[in-house]
1. Yes or no: Val129 surrounded by fewer than 19 Cβ atoms within 10 Å (Cβ to Cβ) and at pLDDT below 95?
2. Could you list all residues from the range 195-213 that are within 16 Å of the ligand (Cβ to nearest atom) and either of a type in the set (Lys, Arg) or crowded, with 23+ Cβ neighbours inside 10 Å (or both)?
3. Only one of (1) under 19 Å from the mean Cα position of the chain (by Cα); (2) part of a helix (DSSP H, G or I); (3) without any contact (Cβ under 8 Å) to a residue 40 or more places away in the chain is not met by Pro77, so which one is it?
4. Which residues, taken from the range 173-194, are of a type outside the set (Val, Ile, Thr), out of contact with any Gly (no Cβ under 6 Å at 6 or more places or on another chain) and within 11 Å of the ligand (Cβ to nearest atom)?
5. State yes or no: is Val129 farther than 29 Å from Gly198 by Cα and touching a Lys or Arg at 6+ places or on another chain (Cβ under 7 Å)?
Amino acid sequence: MIRVFDTPAQLAKQAAEQIINIARQSVIERDSFTIALSGGGTPRETYRLLAEENPYHITFPWQKTHFFWGDERPVPPDHPDSCYLMAHQAMLSKVPVSEGNVHRIKAELSPEVAAAEYEAELRACDVLVKEELPRFDLILLGFGSEGHTASLFPGTKALAEKDQWVIPNWVGKLYSMRITLTAPVINQAAHVLFLVTGREKALALKGTLEGLYEPEQMPAQLIQPRGTLTYFLDQEAASALSTETLT
Ligand code: 6PG
């Protein structure tokens, strides 16, 4: 499903509503809520709203929520590039979440060790429903201007990974390693929600949603979850999409 909002502020507000609705339903069903957060800048306002403004702050089931991340940069948790730090500053430092319920990727370690430790943490986490793969209640995803999501970048090794849950991924264009959930894990989620704003995303989004199936070039095409798939877009990001796609 695709929903288009006039502004990033309206998108953030609706995203907060959507997250809380899924959280409360998860708590009703299983007395817990597992969410994998996205990095980047787009979700920051949504995280801030959840933490600072009512009714979000008071209705969110903070004590029953386990926070995870979809990916991380190879930096310590106090580094400005850290996905963890952005969520900590915008939300987690302001809410009554139990420390043991924040499952960050220990990216201060080598990418290989960080990935292995994070996968071990997922396997050990008893609130994560597991069949073959872990099933997050909700995975938030961003979208890069060239079509990447999480740290699944075009032409990178991680795109082909079918067995491991978390892997280190060399991203040549950034000249950097990343640590990322793999597509099979993301596709196991009960709900996947993309938050995408900005005209610089419009063409890659058109390619992803309307172009040929070429996930090597458009990695977000790999994201076809068994649960719900929703794109929250602002007008700018949606500006190149056809009417058929938007109805
Ligand atoms: C990251 C994210 C990445 C991000 C996109 C969009 O670690 O950077 O996981 O996938 O969501 O690059 O980033 P913006 O929201 O800043 O445009």
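The values are calculated or read from the model by the stated rules, or taken from the named source; none is laboratory data. Since this is a predicted model, take the numbers as computed values, not measurements. Every residue, glycine as well, gets a Cβ built from its backbone with ideal geometry; the counts of neighbours run over all protein chains shown.
1. Details: surrounded by fewer than 19 Cβ atoms within 10 Å (Cβ to Cβ): yes; at pLDDT below 95: yes.
Criteria met by Val129.
2. Leu195, Val196, Thr197, Arg199, Lys201, Ala204, Leu205, Thr208
3. (2)
4. Selection gives Leu174, Ser176, Arg178, Phe194.
5. yes
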